[in-house]
Structures are given as C-alpha cells and as structure tokens.
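Asks: Below is one structure. I have some questions about it.
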Amino acid sequence: MERSTQEKTATAKRTYRVEDIAAILDIGKSSAYELVKQGYFTTVKIGSAIRISKKSFDTWLDSQGS
C-alpha cells in the first residue's frame, strides 16, 4: 500500500499538523482534533495553528499496539 504524499512529507518533520495525524490514522479531522483535545500528545499552539510533537505522537501510536 502506497503512502500519501502528505503522509510522506509529514514523517520528515519534527511536528505534525492535525491534518497530518488524521491522514496517518485514516480518521476524520474532527476525530483528530478530539485526540489533541484529550491531551494524548504534546502540542504547541502558534497563533491559531496547532502543532503536535512527532515524538509524542509516535510514542502514543506505538503504545496502542501493546
């Protein structure tokens, strides 16, 4: 299965946008915002933009399989 261009670009960054994690998880943007709101990941707010720490997201995702 080929990964989307957006997903490939996102993996090279230190942060993800909410849209990036929605694409990675294959969920809707509102569901991704809900995960952010619940505090599963370390986030930074820059103006109105939310950025999610790649490291915290990846750690959370890895822990979901165990």
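Asks: Of the numbered conditions (1) part of a helix (DSSP H, G or I); (2) at pLDDT below 95; (3) open to solvent by 50 Å² or more (accessible area, probe 1.4 Å); (4) in contact with a Lys or Arg (Cβ under 8 Å, 6 or more places away or on another chain), residue 13 fails exactly one; give the number of that condition.
Replies: (1)
Asks: I need the full set of residues from the stretch 34-66 which are over 19 Å from residue 13 (Cα atoms), open to solvent by 40 Å² or more (accessible area, probe 1.4 Å), of a type outside the set (Lys, Arg) and part of a helix (DSSP H, G or I), in order please.
Replies: Listed by number, the residues that qualify are 34, 63.
Asks: Would you say residue 29 is open to solvent by 40 Å² or more (accessible area, probe 1.4 Å) and modelled with pLDDT under 95?
Replies: For residue 29, the condition - open to solvent by 40 Å² or more (accessible area, probe 1.4 Å) and modelled with pLDDT under 95 - is not met.
Asks: To continue, here is another question. Kindly evaluate residue 34 against the criterion of being at pLDDT 95 or above and out of contact with any Gly (no Cβ under 9 Å at 6 or more places or on another chain).
Replies: Against the criterion (at pLDDT 95 or above and out of contact with any Gly (no Cβ under 9 Å at 6 or more places or on another chain)), residue 34 qualifies.
The values are calculated or read from the model by the stated rules, or taken from the named source; none is laboratory data. Just so we're clear, the structure is a prediction, and the values are computed from it rather than from any experiment. For neighbour counting, all protein chains shown are included, and Cβ atoms are generated from backbone atoms with ideal geometry for every residue, glycine included. Each accessible area value is taken on the protein alone, full model and side chains, heavy atoms only, with ligands, DNA and RNA left out. Shrake-Rupley method; radii C 1.70, N 1.55, O 1.52, S 1.80 Å.
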